[in-house]
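Please treat every number below as a calculation from the coordinates, not as lab data. It should be emphasised that the depicted structure is a prediction, and the values quoted were computed from it without experimental measurement. Please note: Cβ atoms are built from the backbone with ideal geometry, for glycine as well, and neighbour counts cover all protein chains shown.
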Amino acid sequence: MTRAIFLDRDGVLNRTIFRDGKPRAPYKLEDFFLFDGVSEAIELFRTNHFTLIVVTNQPDVARGWVSKEAVDAVNNRLRELIHVDDVKICFHDSKENCLCRKPKPGMLLEAASERGIDLAASFMIGDRHSDIEAGISAGCKTVLIGEGDHSSNVIPDFQFSSLLEAARVIINN
Ligand SMILES: [Mg+2]
Ligand SMILES: [Zn+2]
């Protein structure tokens, strides 16, 4: 079966932008920057036969703060810069109570059924505790990048300061 790396986007692959004191998704291509080592990490995962699925909450479209076209443009740039197998996006806000918005595991479960992914042999990597909660709910191993936001009290299996550091450990496990 296929092993996957589920990747949160903002704060894991690319820098966030501070708006009103909170880390937010970049809206414009000129604000979109991958972190150092991300391309190398992606290549390490690929050469070790992991399927790579980005799973990202983008509620700012529903909030009227950014257009869907702008979000699509940023994701297209992401896919030009790194080779991932799919980008799954939840465009809903929390009040819509969808099944895809992390901490729910909907995007991970959908990708797993589409691609025959062995969730127990896969990893969810994120920078917020809601990412870790989604990974645990899907039955994956979980990796927190940075300190997290303590939006829930779940505990990740691993914690690293960068995606490259995480990749080096995961491929040797
Ligand atoms: Mg994030
Ligand atoms: Zn959703």
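Some points to look at:
- Residues Glu40, Glu165, arranged from fewest to most other Cβ atoms within 10 angstrom of their Cβ, appear as Glu40, Glu165.
- Sites Asp36 and Met1, calculated FRET efficiency, Cβ-Cβ separation with R0 45 Å, nearest 0.05: 0.90
- Rounded to the nearest 20 debye, the dipole magnitude of the range 1-107 is 380 debye, with +1 charges on Lys and Arg beta carbons, -1 on Asp and Glu beta carbons, and the Cα centre as origin.
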